[in-house]
Structure formats: C-alpha cells, structure tokens
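Input: a single structure, listed below in structure tokens.
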Amino acid sequence: MQFDRWWPSPDPPPAIVPSLPYLKPAAAMKLLILGGTVFLGRHLTEAALAQGHEVTLLNRGRHNPGLFTRAQSLTGDRDGDMAALRGHRFDAVIDCSGQTPTHIARAVEALGPDVPHYLFVSTISVCASFPPGVSYDETVPVCAGHEGYGALKARAEEAIQAALPGRVAVVRPGLIVGPFDPTGRFTYWPRRVARGGEVLAPGRPGRPVQFIDVRDLAAWCLQLALVRSTGVFNAVGPEITMTQLLDDCRHAAGSDARFTWVDDDALLAMGVAPWTGLPLWLPEADAGFGGMLLADNSRAIAAGLQTRPPRETARDTLAWARSFGGEPPASVSTLTPDDEARCLALASHGAQP
C-alpha cells in the first residue's frame with residue numbers, strides 16, 4: 001500500500017527514536033534503501049546513518065524531501081524511470097517500497113545482476129489463508145494470481161528470488177506499528193485509552209495479537225543486510241493478549257480507562273469493521289483470517305530479531321501522536337467516538353448475543 005499524502009512530521013524527542021542495541025558494524029556498508037522517508041524506510045535510514053553506513057535513497061521525492069541531509073537522494077519511480085540507479089554499486093539493497101513483480105524487475109534491471117544482497121520487505125498477507133486457531137510458518141502456501149495486495153507481493157517475492165538466487169532475504173511483517181505510522185491503526189489504541197472512560201474492547205480478552213515495532217524491524221533488517229542472511233522470515237513480535245495490550249496502553253497513558261468487552265458476533269452485528277474499525281481485531285472464527293495473528297516467528301528469532309516490550313511501544317507511539325498538537329496522520333477509518341458510544345450503548349442494553 002502506498003500513501004500519497006504528505007504531512008509535516010516534526011522529529012520526535014530522542015527517547016522515541018532509539019532501536020535495540022544491535023552490534024555496530026565493523027565496516028560501513030554502501031546501502032541503498034528503496035523508499036526511505038515515510039515509515040519503515042524513515043526508521044531504516046535513521047538507524048543506518050546512526051551506525052555509520054553510507055546511505056543512498058531512491059524514491060519519488062514526494063514525501064518529506066530533504067529529511068536526511070547525510071544521505072544521498074536519487075529520484076526514481078517504481079512505475080516508471082529507474083535510470084538514476086544505473087552506474088551505482090551497493091553492498092546491500094533494502095527494498096521497502098516494492099509492491100509488484102514489475103517493481104522488482106525494474107529495480108534489478110537498473111542495478112544490474114551483481115547486487116551482493118537484496119532484502120525485500122514483503123508481508124504476511126502473501127499467505128493464501130489464515131485458518132482459525134492455526135499457527136503458521138514461512139512454508140504455508142501463498143496467494144495465487146496477479147490480483148490484490150497479497151498476490152502481487154507474492155509474485156514480487158518470486159521475482160526477486162529468481163533474479164538474485166541465493167542473495168535474497170524476504171521479510172514478511174505483520175502489522176508494523178510505532179512513531180510515524182501513517183495509517184493510524186495501532187495508534188488508535190494508546191490514543192483512545194489515553195482519553196479514559198469506558199473503552200470498547202473487541203472480542204475475547206485472552207485472544208492473541210501480534211505486531212512489530214517499526215524500530216525493531218528496521219534494526220533487524222539492517223542486521224540481516226550486514227551479515228547477508230538469506231531466506232524467508234515472518235517478522236512479527238511475540239503473541240500477547242488483547243488484555244495485555246490494553247493494560248500496557250493504560251499504564252503508558254496513566255489513564256483511568258475501563259474496558260467493556262464485546263464479543264465478535266455482537267461487534268459484527270453492530271457493523272464494526274474488523275481490522276480497521278477496531279485495529280488488531282479479527283473475528284477468531286473467520287475462515288479466511290481468523291488465524292492471521294498467529295504467525296510463527298521462531299525463524300526470525302533464530303536470525304537475531306529482538307523486540308522491545310509492548311508497553312514501550314505504546315508509550316512512544318502516544319508521545320509521537322501527542323507531538324502533533326492535533327490529529328496525527330491516519331489513512332485508515334477507525335471507529336469514531338460517536339460510533340464507539342453507539343456500540344457501548346447497544347452492548348449495555350443487551351444487544352450482544
């Protein structure tokens with residue numbers, strides 16, 4: 001998914017930025033980041049520059065131009081002209097903007113066939129289905145065809161593996177969260193809990209949820225590129241319960257929030273949209289998506305993925321959101337206060353089954 005709107009984004013206070021303490025490289029890489037100024041790419045670039053790498057960015061120049069004065073900036077379009085890459089040589093490429101096999105083909109054609117290591121940021125949405133209650137690893141079948149976000153990402157994975165065999169790491173994040181998130185999905189929860197009062201809490205209190213802090217993902221991607229790790233990895237954090245997440249948000253905000261739990265069937269009957277209306281909520285019995293938050297991350301852990309406590313993510317996301325002095329960016333339509341109040345009123349009158 002691409003976001004074509006720009007907003008002023010003041011740099012966060014230093015406490016929000018640090019990644020986990022991965023090893024400093026013995027030698028700097030010449031690193032190309034395809035993207036680099038919005039969310040994951042922004043954190044990748046900050047971390048790479050902090051580690052002393054020589055960073056080149058290629059993007060359309062539409063979002064936060066001039067953000068990184070210590071990085072070389074090239075202008076190119078994954079759907080058009082990538083000629084700015086020709087003649088450049090890099091030790092590693094991190095691609096956090098490729099969406100289709102055509103994007104991959106254009107990048108490889110411009111870079112040439114001698115790229116030592118290419119890390120492609122894909123998505124768990126490449127998986128063909130997520131049966132209820134079933135954990136899944138990187139070997140599950142992927143979407144077929146060439147239509148839809150997951151299918152196109154799956155074809156892009158295949159394209160880069162075929163173009164650079166033995167030199168590719170494919171990283172499949174779940175929900176990426178944290179400061180500078182342009183979607184507003186995870187941000188909904190620390191902001192809503194910070195307002196206090198009665199909070200609509202979705203589904204079963206003990207149901208598992210997963211996400212990954214963007215700073216942890218960025219630091220780990222750099223580490224994979226540094227040591228030239230290859231393979232496919234589910235990039236998700238550990239399973240926690242929805243209760244734990246909401247309690248962490250309450251602690252981070254110092255809030256008096258109290259939670260009213262409404263089950264899946266009742267929320268659906270009220271017209272609440274899974275995943276977007278209430279982020280991180282998916283009806284557990286759903287045949288296609290009930291198990292989406294059950295990814296096995298053991299391969300990523302073995303390859304060095306480290307994640308910070310969810311409470312820290314909630315705290316820093318809230319601090320970033322508050323830095324706007326108004327509404328932070330949000331491309332997803334989460335539940336409005338009026339809609340939440342309507343649902344709570346229905347639940348209090350026994351509308352839930």
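The values are calculated or read from the model by the stated rules, or taken from the named source; none is laboratory data. Just so you know, these numbers come straight off a predicted model, no measurement behind them. Every residue, glycine as well, gets a Cβ built from its backbone with ideal geometry; the counts of neighbours run over all protein chains shown. Calculation scope for accessible area: heavy atoms of the full protein, side chains included, ligands and nucleic acids excluded. Shrake-Rupley method; radii C 1.70, N 1.55, O 1.52, S 1.80 Å.
Odds and ends about this structure:
- Unique residue being among the small types (Gly, Ala, Ser) and within 17 Å of Cys343 (Cα to Cα) when the list is Gly290, Gly277: Gly277
- Residue match in segment 220-227 (condition: of a type in the set (A, V, I, L, M), in contact with a helix residue (DSSP H, G or I) (Cβ under 8 Å, 6 or more places away or on another chain) and modelled with pLDDT of 95 or more): yes
- Beta carbons closer than 8 Å, at least 6 apart along the sequence or on distinct chains, pair a first residue in segment 26-53 that is on the phi > 0 side of the Ramachandran plot with a second that is of a type in the set (Gly, Ala, Ser) and open to solvent by 20 Å² or more (accessible area, probe 1.4 Å) for Gly35/Ser97; Gly52/Ala28.
- Residue in segment 75-94 that is touching a residue at least 12 places away in the same chain (Cβ under 8 Å), of a type in the set (A, V, I, L, M), within 22 Å of Leu294 (Cα to Cα) and surrounded by 15 or more Cβ atoms within 10 Å (Cβ to Cβ) present: no
For every residue, the table says whether it meets (1) under 30 Å from Val227 (Cβ atoms); (2) open to solvent by 40 Å² or more (accessible area, probe 1.4 Å); (3) touching a helix residue (DSSP H, G or I) at 6+ places or on another chain (Cβ under 9 Å).
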| site | (1), (2), (3) |
| --- | --- |
| Val272 | no, no, yes |
| Trp275 | no, yes, no |
| Pro283 | no, no, yes |
| Ala287 | no, yes, no |
| Leu293 | yes, no, no |
| Gly304 | yes, no, yes |
| Thr313 | yes, no, yes |
| Ala319 | no, yes, yes |
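- Answer residue from segment 46-72, given it is of a type outside the set (Val, Ile, Thr), in a strand (DSSP E or B) and in contact with a Ser or Thr (Cβ under 8 Å, 6 or more places away or on another chain) and is most open to solvent (accessible area, probe 1.4 Å) among those: Gln72
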